[in-house]
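The values are calculated or read from the model by the stated rules, or taken from the named source; none is laboratory data. A quick note: this is a predicted structure, and the numbers were derived from the prediction, not measured. Using ideal geometry, Cβ is built from the backbone for each residue, glycine included, and neighbour counts are taken over all protein chains shown.
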Amino acid sequence: MALIKSISGIRGTIGGKAGNNLTPIDIVECTAAFGYWLKQEEAPMTVVIGRDGRISGALVSSLVSQTLVSLGFEVVDLGLSTTPTVEMAVPAFNAGAGIIVTASHNPKQWNALKFLNQKGEFISKKDGETLLQLLSDGAITFNEVDDLGSYRREEGYLDRHIEQIFALPAVDLAAVRAKSFKVVVDAVNSTGAMSVPPILERMGCEVVLINGEVTGEFAHNPEPLPKNLQQLSEAVVSHGGDLGIAVDPDVDRLAFVNEDGTMFGEEYTLVAVADYMLSQRPGSTVSNLSSTRALRDVTEKHGGTYYASAVGEVNVVEKMKEVDAVIGGEGNGGIIVPELHYGRDALAGIALFLSHLAKSGKTMSALRASYPSYEMVKDKIALDASIDLAKLLDQLETAHKDDPYNTIDGLKIDFPDSWVHLRKSNTEPIIRIYAEGATETEAADLVNAIKGEVQDILQH
């Protein structure tokens with residue numbers, strides 16, 4: 001059982017003792033701190049909320065909404081929704097903030113509150129730190145009976161979200177409709193079941209839906225990684241699909257399966273969409289330091305400039321704004337389209353990807369083969385409390401002073417045909433090590449070599 005309070009929100013496992021898990025007491029306390037912070041910021045007194053399909057979603061959402069009402073807020077509840085839909089609804093309703101009830105790709109026993117600012121974007125590190133201090137102080141005053149807020153349900157915002165996606169200049173509905181793609185969708189028993197089929201059907205696709213009941217009883221580990229998508233892979237082949245689509249429970253991550261059942265690769269979701277967007281409008285791109293080098297390759301092919309950010313969506317968004325990026329995101333299948341909003345959006349990713357696929361005239365596997373091929377290996381090193389991580393990374397940096405390196409988030413070292421990134425986990429006492437090379441063996445060898453260097457430093 002677990003409870004994690006961070007600058008971006010609160011997440012934990014349902015049940016157990018307050019303070020150690022995500023219990024009603026913890027949900028109310030954290031929501032109250034967020035609401036109290038909003039009042040101090042003098043933000044508009046409206047908060048938009050929405051949830052994914054988790055078993056605990058209705059319970060958590062109810063606690064959130066009534067806590068906000070007790071602080072005098074008008075609550076606009078989208079009900080079952082997606083993370084990007086809530087993000088877009090916040091400015092549309094002139095709200096002061098948003099709260100998304102979702103634990104993203106975590107298993108069913110988890111849930112979380114993700115906090116959005118007035119722009120519908122994740123709150124900043126500074127604001128998150130202020131919120132955590134308020135939570136620690138516990139000095140929150142609730143409204144008296146004549147000054148309570150209000151609550152209302154808002155239906156149909158998902159349709160508005162889809163319409164805004166279709167209004168993007170790069171979305172070519174005619175080209176996609178002419179192809180009549182057969183698409184198999186794994187909605188992992190969450191709100192992808194009510195959001196992905198409608199956008200595909202309106203684009204003229206034939207949809208085969210698996211794990212399509214919004215029960216929160218996830219049919220498999222809900223993170224859209226290859227090891228969790230075997231059922232989708234088999235369904236694409238057995239149904240003769242042109243492609244398969246997988247999303248996570250809150251529909252901000254997107255992965256594809258090729259027509260032959262092989263994986264397109266979640267790292268390549270952003271690469272393919274960026275390739276298409278840059279063909280329409282040249283410019284810069286952004287991903288985090290742990291994302292594939294293929295994005296840099298594709299960006300430079302179009303004459304653009306690639307920029308790297310620290311890990312975390314809020315950092316990617318900050319960098320995208322700084323360099324006026326055409327497209328950006330994360331290698332976990334997260335697509336951020338600034339013309340639409342600054343948040344990962346699987347629905348927008350689907351519309352842009354299918355436009356690209358249709359206009360390319362290629363099969364999925366042929367499109368994937370057209371991109372530079374890299375393989376990534378992810379590993380970790382357990383941290384002893386006595387280890388001085390900053391000193392360790394400084395020593396590694398010195399050892400690789402002749403190689404290009406980046407220290408904005410841990411240490412990333414670039415080699416001619418590969419790279420390795422070391423950073424401290426925000427949630428576990430470990431160092432995460434990501435490496436990428438031309439083959440999985442090369443990436444694994446690089447991880448092992450760096451782990452060996454770390455051990456040598458620790459022993460001396």
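Sort out which residues of the stretch 345-366 are over 17 Å from Leu173 (Cα atoms) and touching a helix residue (DSSP H, G or I) at 6+ places or on another chain (Cβ under 6 Å), and write them in order of number.
Listed by number, the list holds a single entry, Asp345.
Per-residue answers, yes or no, for (1) in the same structural domain as Asn117 (by TED's automatic domain parsing); (2) acidic (Asp, Glu); (3) exposed (fewer than 15 other Cβ atoms within 10 Å of the Cβ); (4) free of Cβ contacts under 8 Å to residues at least 12 places away in the same chain:
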{"position": "Gly343", "(1), (2), (3), (4)": "no, no, no, no"}
{"position": "Ile350", "(1), (2), (3), (4)": "no, no, no, no"}
{"position": "Gly361", "(1), (2), (3), (4)": "no, no, yes, yes"}
{"position": "Asp402", "(1), (2), (3), (4)": "no, yes, yes, yes"}
{"position": "Thr407", "(1), (2), (3), (4)": "no, no, yes, no"}
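From the list Val207, Val188, Val184, pick out the single residue that is on the phi > 0 side of the Ramachandran plot, in the same structural domain as Tyr276 (by TED's automatic domain parsing) and among the β-branched types (Val, Ile, Thr).
Values: Val207 fails: on the phi > 0 side of the Ramachandran plot; Val184 fails: on the phi > 0 side of the Ramachandran plot.
Testing whether each residue is on the phi > 0 side of the Ramachandran plot, in the same structural domain as Tyr276 (by TED's automatic domain parsing) and among the β-branched types (Val, Ile, Thr) leaves just Val188.
State which residue is surrounded by the most Cβ atoms within 10 Å (Cβ to Cβ) when the search covers only the stretch 382-400 and only residues that are touching a Pro at 6+ places or on another chain (Cβ under 8 Å) and in a loop (DSSP other than H, G, I, E, B).
Step one: of the stretch 382-400, the residues touching a Pro at 6+ places or on another chain (Cβ under 8 Å) are 382-383, 385.
Then keep just the ones that are in a loop (DSSP other than H, G, I, E, B); that gives 383, 385.
Working: Leu383: 15, Ala385: 5.
Out of the qualifying residues, it is Leu383.
Keeping to the stretch 245-297, report how many residues are aliphatic (A, V, I, L, M), surrounded by fewer than 24 Cβ atoms within 10 Å (Cβ to Cβ) and touching a helix residue (DSSP H, G or I) at 6+ places or on another chain (Cβ under 6 Å). Write out each step before concluding.
Step one: filter the stretch 245-297 for residues aliphatic (A, V, I, L, M), giving 245-247, 251, 254-255, 257, 263, 270-274, 277-278, 286, 289, 294-295.
This time we only want the ones that are surrounded by fewer than 24 Cβ atoms within 10 Å (Cβ to Cβ), so: 263, 278, 289, 294.
Of the ones still in play, those that are also touching a helix residue (DSSP H, G or I) at 6+ places or on another chain (Cβ under 6 Å) are 263, 294.
Residues meeting the conditions: 2.
Could you figure out which of (1) of a type outside the set (S, T, N, Q); (2) out of contact with any Gly (no Cβ under 6 Å at 6 or more places or on another chain); (3) buried (at least 17 other Cβ atoms within 10 Å of the Cβ) isn't true of Ala443?
Result: Ala443 passes all but (2).
Considering the stretch 1-31 alone, what residues qualify as being of a type outside the set (S, T, N, Q) and buried (at least 21 other Cβ atoms within 10 Å of the Cβ)?
Step one: of the stretch 1-31, the residues of a type outside the set (S, T, N, Q) are 1-5, 7, 9-12, 14-19, 22, 24-30.
Result: Gly9, Ile10, Arg11, Gly12, Leu22, Asp26, Ile27, Cys30.
Pairs please, first residue from the stretch 370-396 and on the phi < 0 side of the Ramachandran plot, second anywhere and assigned to a loop (DSSP other than H, G, I, E, B) and among the polar types (S, T, N, Q), Cβ atoms under 6 Å, 6+ apart in sequence or on different chains.
Note: pairs meeting the criteria are Tyr374/Thr292; Glu375/Thr439.
Scan the stretch 172-189 for residues that are surrounded by fewer than 19 Cβ atoms within 10 Å (Cβ to Cβ) and in a loop (DSSP other than H, G, I, E, B) and report the count. Quick ask: steps written out before the conclusion?
Step one: of the stretch 172-189, the residues surrounded by fewer than 19 Cβ atoms within 10 Å (Cβ to Cβ) are 173-175, 177-180, 182.
Keeping just the survivors that are in a loop (DSSP other than H, G, I, E, B) gives 180.
Number of matching residues: 1.
Does Gly329 count as in contact with a Ser or Thr (Cβ under 8 Å, 6 or more places away or on another chain) and surrounded by 18 or more Cβ atoms within 10 Å (Cβ to Cβ)? Talk me through it step by step, then tell me what you get.
On the way: in contact with a Ser or Thr (Cβ under 8 Å, 6 or more places away or on another chain): yes; surrounded by 18 or more Cβ atoms within 10 Å (Cβ to Cβ): yes.
Criteria met by Gly329.
Filter the stretch 193-212 for residues that are of a type outside the set (A, V, I, L, M, F, W, C) and either modelled with pLDDT under 95 or in contact with a Leu (Cβ under 9 Å, 6 or more places away or on another chain) (or both) and give the result. I'd like the intermediate steps shown before the answer.
First, the residues of the stretch 193-212 that are of a type outside the set (A, V, I, L, M, F, W, C): 195, 197-198, 201-202, 204, 206, 211-212.
Passing the criteria: Ser195, Pro197, Pro198, Arg202, Gly204, Glu206, Asn211.
Which number in (1) of a type in the set (A, V, I, L, M); (2) over 21 Å from Thr67 (Cα atoms); (3) exposed (fewer than 12 other Cβ atoms within 10 Å of the Cβ) marks the one condition that Ala139 misses?
With (1) of a type in the set (A, V, I, L, M); (2) over 21 Å from Thr67 (Cα atoms); (3) exposed (fewer than 12 other Cβ atoms within 10 Å of the Cβ) applied to Ala139, the lone miss is (2).
Which numbered condition trips up Ala325, out of (1) touching a Pro at 6+ places or on another chain (Cβ under 7 Å); (2) within 29 Å of Pro222 (Cα to Cα)?
(2)
Going through the stretch 111-131 one residue at a time, which ones are modelled with pLDDT under 95 and out of contact with any helix residue (DSSP H, G or I) (no Cβ under 8 Å at 6 or more places or on another chain)?
Hits for the stretch 111-131 are Lys126, Gly128, Glu129.
What residue, among those in the stretch 16-42 that are touching a strand residue (DSSP E or B) at 6+ places or on another chain (Cβ under 6 Å) and outside any helix (DSSP H, G or I), is nearest to Ala92 (Cα to Cα)?
Per the criteria, the residue is Leu22.
Is it fair to say Ser104 is in contact with a helix residue (DSSP H, G or I) (Cβ under 9 Å, 6 or more places away or on another chain), surrounded by fewer than 19 Cβ atoms within 10 Å (Cβ to Cβ) and of a type in the set (Ser, Thr, Tyr)? Even if it seems obvious, please write down each step before you answer.
Working: in contact with a helix residue (DSSP H, G or I) (Cβ under 9 Å, 6 or more places away or on another chain): yes; surrounded by fewer than 19 Cβ atoms within 10 Å (Cβ to Cβ): no; of a type in the set (Ser, Thr, Tyr): yes.
Spelling it out, it is not the case that Ser104 is in contact with a helix residue (DSSP H, G or I) (Cβ under 9 Å, 6 or more places away or on another chain), surrounded by fewer than 19 Cβ atoms within 10 Å (Cβ to Cβ) and of a type in the set (Ser, Thr, Tyr).
Which numbered condition in (1) part of a helix (DSSP H, G or I); (2) within 24 Å of the chain's Cα centre (by Cα); (3) in contact (Cβ under 8 Å) with a residue 12 or more places away in the chain is the only one that Ala58 fails?
In the conditions (1) part of a helix (DSSP H, G or I); (2) within 24 Å of the chain's Cα centre (by Cα); (3) in contact (Cβ under 8 Å) with a residue 12 or more places away in the chain, Ala58 misses (3) alone.
Would you mind finding the one in Val28, Val75 that is closer than 24 Å to Val214 by Cβ and under 26 Å from the mean Cα position of the chain (by Cα)?
Being closer than 24 Å to Val214 by Cβ and under 26 Å from the mean Cα position of the chain (by Cα) holds for just one of Val28, Val75, which is Val75.
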